[in-house]
Amino acid sequence: MSYNLLKGKKGLIFGALNEQSIAWKVAKRAVEEGAEIVLTNTAVSIRMGTINDLAKKCGTVVIPADATSVPDLENLIDKTMEHFGGKFDFILHSIGMSPNVRKGRTYDDLDYDFLSKTLDISAISFHKVIQVARKRDALNDWGSIVALSYIAAQRTLYGYNDMADAKALLESIARSFGYIYGREKKIRINTVSQSPTPTTAGSGVLGLNDLMDFADRMSPLGNATADDCADYVLTLFSDFTRKVTMQNLFHDGGFSSMGMSRRAMRTFGKGLNAQFHDVQDNQFPFGQGEE
Ligand SMILES: NC(=O)c1ccc[n+]([C@@H]2O[C@H](COP(=O)([O-])OP(=O)(O)OC[C@H]3O[C@@H](n4cnc5c(N)ncnc54)[C@H](O)[C@@H]3O)[C@@H](O)[C@H]2O)c1
């Protein structure tokens, strides 16, 4: 269903790799809501993924850019402005990658060259995108910039590895640049902290299925899907959120405010009971230990 929420707006979307990608869902919904968009990703991801199919569906173009390369970003912003015939209104940064996670290097055995890459790709690229857009004066006043984050920026979730540090930096960049761009051009910058979601990047997280199951049991509304996330991001691009800036906005079914839920506790209890019975059965082979 369309509400024409983004009628007349134009935006640049980073990070659609395939149909699972959060950026893919945002792009599709943005067009349904009346926006014009330009898509971008790295040359490799364009070749390996299916972003060209998305571009066809959305009636638009894909402009390759590595978000860690300032010259690439300058070219991208110039070409995007050419495509739109002037300034545009929103940017989605939906980019994340950790070579340490990919290569199985744990947090207590990080490769520091990999760590630099994690930070550059997953966080500093956000600064680069905003800095280039601002220097090119690419965005209309009251524009909106959103990046995707995860609660591991605030809480330790084992297995998220150096991506937790990248997300903490990403959220800080939203605040620091949010002040500058907000004061100057009324442009707002926020991060959306999304539930664990089954995507290519998500599947790199250690034990994603268990994590998703746990988060779902903990959250009163259940996990937010990629489609839910797209709907939420659209509101941040719309004129209904013009005074929301420099925020990290949790979009997680309530997970971030929970300590323990009954559903999670019951599952945990069952697991403990099962372990207890294993031990008892081994200790009392004739079943004396059973309750
Ligand atoms: N999946 C989850 O559980 C989850 C939860 C919270 C937040 N997020 C965040 O959502 C965002 C999108 O991830 P996703 O889950 O849709 O996975 P995804 O794998 O579909 O998207 C990640 C994208 O980053 C792009 N990318 C990597 N390096 C790049 C570079 N140098 N330049 C430009 N683009 C580059 C990839 O090509 C890919 O399109 C990421 O920031 C991720 O950390 C994901």
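All of the numbers you see were taken from the coordinates with simple rules; none came from a lab. The structure displayed is predicted, hence computed values, not measured ones. FYI the Cβ positions are ideal-geometry reconstructions off the backbone, even for glycines, and counts take in every protein chain you see.
Quick notes
- In order along the stretch 234-244, phi translates into HN-Hα couplings of 4, 5, 6, 8, 7, 7, 7, 10, 5, 10, 9 Hz, rounded to whole numbers, per the Karplus curve 6.51 cos²θ - 1.76 cosθ + 1.60 with θ = phi - 60° and x for Gly and Pro.
- Ascending count of other beta-carbon atoms within 10 Å, so fewest first, for Trp142, Trp24: Trp142, Trp24
- Relative exposure of Asp231, Asp239, Asp162, judged by other C-beta atoms within 10 Å (fewest first): Asp239, Asp231, Asp162
- Placing +1 on the Cβ of every Lys and Arg and -1 on the Cβ of every Asp and Glu, with no other charges, gives the stretch 10-259 a dipole of roughly 580 debye about its Cα centre.
- Relative contact order for the stretch 10-259, counting Cα pairs under 8 Å that sit 6 or more residues apart, in percent: 20 percent
- C-alpha long axis of helix 163-185 to longest principal axis of the chain, angle in °: 30 degrees
- For the stretch 46-74 versus the stretch 144-199, the inter-centroid distance based on Cα atoms is 22 Å.
- Mean sequence separation of contacting Cα pairs (under 8 Å, at least six apart), scaled by the length of the stretch 56-140, corresponds to a relative contact order of 40 percent.
- Shape call, the stretch 10-259: gyration tensor on alpha carbons, a/c limit 1.5: rounded
- Residues Phe250, Phe237, Phe268 in ascending order of nearby Cβ atoms (within 10 Å, fewest first): Phe268, Phe250, Phe237.
- If you take the Cα centroid of the stretch 85-108 and the Cα centroid of the stretch 216-262, the two points sit 19 Å apart.
- Here's how it looks for Leu12: its modeled amide H is under 5 Å from those of Val38, Phe90, Ile91, Leu92, which are all 5 or more places away or on a different chain.
- Phi to ³J(HN,Hα) by Karplus 6.51 cos²θ - 1.76 cosθ + 1.60 over the stretch 42-53, Hz, x for Gly, Pro: 5, 4, 5, 5, 5, 5, 7, x, 10, 4, 5, 5
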